[in-house]
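See below for the structure under consideration.
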Amino acid sequence: MRIVVFLTAVHSVLCLYFLGPLKPEITITYIAVSAIFFNSGLSLKTEELTSALLHVKLHLFVQIFTLVFFPTAIWLFLQLLSITPINEWLLKGLQTVGCMPPPVSSAVILTKAVGGNEVSVFSLRFCNGIVITPLLLLLFLGSSSSVPFTSIFSQLFMTVVVPLIIGQIVRRYIKDWLERKKPPFGTISSCVLLMIIYTTFCDTFANPNIDLDKFSLIIIVFIIFSVQMSFMFLTFLFSTRNDSGFTPADTVAIIFCSTHKSLTLGIPMLKIVFAGYEHLSLISVPLLIYHPAQILLGSLLVPTIKSWMVSRQKVRTAFFFFFFLNL
């Protein structure tokens, strides 16, 4: 941990000394984003990814909810909010939140804390994040993007897909060493992500023309918490119906994966899709709020969801025991 922090600090000092500013158009847009996904490729266990893909029904539910229902519901809600005095760029930022894929880190941590089906969480982000999320962003906010469509996907391919593949290839050759040493992949990604968030905040508040009023910001925070609570309750209702076919452990994974949004993929993707756009900073604010909000809400709900899951599993066990006794 100390080594990672030290290297990050050294990198920042060198950039400031030799380059003046941090040159985020190079160090963040290309190097930092590529480093995150190379790190993801190194840490992603292929065997776990393969087994997770076998949960077809769970994946289908999460993908439809995340990619169809979530962004569409947000879009309809924003049509109502468009007549209010809320900052229009913060509202567009809410739409980008709706288009984001589910995360891995927070969803895995919370699902594991409850005792849910954590294996299925691993492959959810990579199934839709790289291709479909940019398409959704361009569908709902296409007129705001100043970057050509082909340029967006070529940059995404070079900074996301290629580092991920290289990471998986390197993992094959050093797998035993990785299993033995267990490098702090989470800490490394967090440090790099912190750099990305730092530059995003710098862009936001260094802009003298920024129009971020307190009323809009407070309302956006309230909306984000309300949306999360509503959608978590909705996914709970859908996945616990008698004909759903989901186990209590599946329901836990569905609740967190369907309603959580990836900051790790989201911020770099916004920087690529809306590169050079003057309102990028304001558009990024809702996602920067959504990430800590989902962790806070998830952490508060862990004891409640865990007690529900344990009670449901006891009921299922008692039912099957009674059924076999009467055969």
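The values are calculated or read from the model by the stated rules, or taken from the named source; none is laboratory data. Predicted model, so just to flag it, every value in this text is computed and none were measured. Don't worry about glycine lacking a Cβ; one is built from the backbone with ideal geometry, like all the others, and counts go over all protein chains shown. Ligands, DNA and RNA are excluded from the accessible area calculation, which covers all protein heavy atoms including side chains. Shrake-Rupley method; radii C 1.70, N 1.55, O 1.52, S 1.80 Å.
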Tell me, which residue of region 165-185 that is in contact with a helix residue (DSSP H, G or I) (Cβ under 9 Å, 6 or more places away or on another chain) and among the hydrophobic types (A, V, I, L, M, F, W, C) is surrounded by the fewest Cβ atoms within 10 Å (Cβ to Cβ)? I169
From the list V119, V147, exactly one residue is at pLDDT below 60 and open to solvent by 50 Å² or more (accessible area, probe 1.4 Å). Which is it? V119
Within region 270-299, the residues that are open to solvent by less than 10 Å² (accessible area, probe 1.4 Å) and under 11 Å from the mean Cα position of the chain (by Cα) are L287, Y290, Q294
Subset of region 241-267 [assigned to a helix (DSSP H, G or I), over 25 Å from L137 (Cα atoms), of a type outside the set (A, V, I, L, M) and open to solvent by 10 Å² or more (accessible area, probe 1.4 Å)]: D250
When the residues of region 21-74 are narrowed to those that are aromatic (F, W, Y) and closer than 21 Å to I166 by Cβ, which ends up modelled with the highest pLDDT? F38
